[in-house]
Amino acid sequence: MKRLLAFAAALLLAAACGRDDASSTQDGTALEKLEFRHLGSPGSVDLVELAGDLGYLEPVKLKYVGISLGGPQGIQTLLSGDTDISSSSFNSAIVKVVASGAPVTAVIASYGYDTAEDSFLAQGGYFVREDSPIRGPRDLVGKKIAVNALGAQAELYLSEYMRRGGLGKEEIRRVELVVIPPVSMEQTLRQGQVDVAQLYWPGGPGVRKLFSSEDLYQHFTAGSYMMSNRYLRENPNTARHVLGGIARAIEWARSTPRAQVHERFRQIIAKRGRNENDGVIQYWTGFGIPARNGALKDEDFRIWLDWLIEDGQIEAGAVDLEKVYTNAFNPFARAAPGDEAARAP
């Protein structure tokens with residue numbers, strides 16, 4: 001009987017040790033959670049999914065909870081507690097949501113524009129049909145323009161493009177923005193249901209680029225991932241582990257030959273088993289993040305903060321950049337001299 005009890009005790013001890021190992025990183029750091037909830041986009045692969053597939057998040061497992069329809073929707077799922085990280089969100093939208101008092105913080109870059117050869121932003125832009133009479137900013141007045149969400153990146157770029165073209169606020173307001181899911185954007189344009197659409201990878205001839213973010217701004221980090229302040233307080237080790245994996249995925253995608261990245265993306269999409277079309281993967285040229293390891297800095301957000309204040313969307317002094325982002329949970333980030341980027345929310 002004593003031998004049986006000793007054997008049972010040994011089994012329990014082994015099981016307990018196994019649980020401890022499974023909930024810790026290789027260096028022994030205890031993780032608060034082993035499941036990480038995220039959104040995804042049909043036919044594409046984001047950095048969260050790439051990090052998971054590369055094994056950089058182990059022992060944390062990803063849990064897909066739904067389709068991302070754009071930055072604002074991704075932020076909303078974060079605020080509602082349905083996800084642990086937002087979908088990739090435009091930095092202007094992040095400034096606005098933090099200015100509103102939402103308890104969330106940008107934690108790592110998700111996309112941007114670095115060079116014409118290494119950025120999907122360089123490939124994309126605002127497109128019209130080949131035979132469209134639209135040639136410049138003033139031609140947009142009274143037209144229908146397809147965007148993935150209101151109040152996000154697409155709307156700001158359009159407003160800035162028209163503002164630089166000499167249009168006033170009243171003229172800009174006469175443009176009709178139509179919310180269209182990204183997967184249907186190009187078809188909607190080609191069928192003539194809208195006059196302009198924001199596209200990242202046009203699927204062939206018959207459309208032409210009107211303008212792109214490259215025409216407005218140079219190299220910059222355009223979007224970031226956000227996490228709730230509560231999650232960061234309650235799960236700091238898991239947050240650091242996951243963001244460290246995303247940072248490694250950024251550099252893997254930057255340094256790996258493009259054909260290999262494409263193949264990896266196709267494999268990830270196939271393994272998801274969601275009946276997706278991976279045709280746009282061939283047009284992927286990079287995440288375009290200029291900063292190493294996705295580190296964030298004041299300039300990534302100040303340009304949009306100044307624009308939002310000038311446009312009257314938020315009041316001067318309504319938001320402090322110290323509350324907008326942090327690098328404290330990105331173990332591979334390095335703050336620039338004089339930059340308080342490592343502060344925690």
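The values are calculated or read from the model by the stated rules, or taken from the named source; none is laboratory data. Source: prediction; values computed, not measured. Ideal geometry is used to build each Cβ from the backbone, glycine not excepted, and the neighbour counts take in all protein chains shown.
Working only within segment 148-164, note down all residues that are of a type outside the set (K, R) and over 16 Å from K209 (Cβ atoms).
Residues satisfying the conditions are N148, A149, L150, G151, A152, Q153, E155, L156, S159, E160, M162.
Results for (1) part of a loop (DSSP other than H, G, I, E, B); (2) in contact with a Leu (Cβ under 6 Å, 6 or more places away or on another chain), shown as yes or no for each residue.
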{"site": "G43", "(1), (2)": "yes, no"}
{"site": "G52", "(1), (2)": "no, yes"}
{"site": "K63", "(1), (2)": "no, no"}
{"site": "L69", "(1), (2)": "yes, no"}
{"site": "Q76", "(1), (2)": "no, no"}
{"site": "D84", "(1), (2)": "yes, no"}
{"site": "K96", "(1), (2)": "no, no"}
{"site": "G101", "(1), (2)": "yes, no"}
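Restricting N330, N293 to those that are outside any loop (DSSP other than H, G, I, E, B), modelled with pLDDT of 85 or more, polar (S, T, N, Q) and surrounded by 18 or more Cβ atoms within 10 Å (Cβ to Cβ) reduces the list to N293.
Screening M226 against (1) under 25 Å from A333 (Cα atoms); (2) of a type outside the set (D, E, K, R); (3) in a helix (DSSP H, G or I) leaves a single unmet condition, (3).
All of R254, R174 fail the test of being at pLDDT below 95, of a type in the set (D, E, K, R) and surrounded by fewer than 15 Cβ atoms within 10 Å (Cβ to Cβ), apart from R174. Restrict the check to segment 65-72 and report whether at least one residue is surrounded by fewer than 22 Cβ atoms within 10 Å (Cβ to Cβ) and either under 23 Å from D320 (Cα atoms) or not aliphatic (A, V, I, L, M) (or both). Checked segment 65-72: at least one residue is surrounded by fewer than 22 Cβ atoms within 10 Å (Cβ to Cβ) and either under 23 Å from D320 (Cα atoms) or not aliphatic (A, V, I, L, M) (or both).
For segment 2-16, check the following and say yes or no: at least one residue is modelled with pLDDT under 90, basic (K, R) and not assigned by TED's automatic domain parsing to the domain that holds Y200.
Here is the first cut: in segment 2-16, the ones modelled with pLDDT under 90 are 2-16.
Retained after the next criterion (residues that are basic (K, R)): 2-3.
Then keep just the ones that are not assigned by TED's automatic domain parsing to the domain that holds Y200; that gives 2-3.
Looking for residues that are modelled with pLDDT under 90, basic (K, R) and not assigned by TED's automatic domain parsing to the domain that holds Y200, one finds at least one in segment 2-16, hence yes.
Under the condition of being surrounded by 19 or more Cβ atoms within 10 Å (Cβ to Cβ) and β-branched (V, I, T), which residue from segment 134-167 is farthest from the chain's Cα centre (by Cα)? Step by step, filter segment 134-167, then rank; the result is I145.
For segment 140-170, a tally of residues being acidic (D, E) and either touching a helix residue (DSSP H, G or I) at 6+ places or on another chain (Cβ under 8 Å) or not assigned by TED's automatic domain parsing to the domain that holds M185 (or both) returns 1. For segment 244-292, the tally of residues that are under 29 Å from N327 (Cβ atoms) and in contact with a strand residue (DSSP E or B) (Cβ under 8 Å, 6 or more places away or on another chain) stands at 8.
State which residue is farthest from D139 (Cα to Cα) when the search covers only segment 173-189 and only residues that are assigned to a helix (DSSP H, G or I) and within 27 Å of the chain's Cα centre (by Cα).
Among residues in segment 173-189 that are assigned to a helix (DSSP H, G or I) and within 27 Å of the chain's Cα centre (by Cα), the one farthest from D139 (Cα to Cα) is V183.
Summed over segment 139-158, residues that are at pLDDT below 90 and closer than 13 Å to Q198 by Cβ total 11.
State yes or no: is D306 out of contact with any Ser or Thr (no Cβ under 7 Å at 6 or more places or on another chain), under 18 Å from S92 (Cβ atoms) and either assigned by TED's automatic domain parsing to the domain that holds K96 or part of a helix (DSSP H, G or I) (or both)? Yes; evaluated as a whole, the condition is true for this residue.
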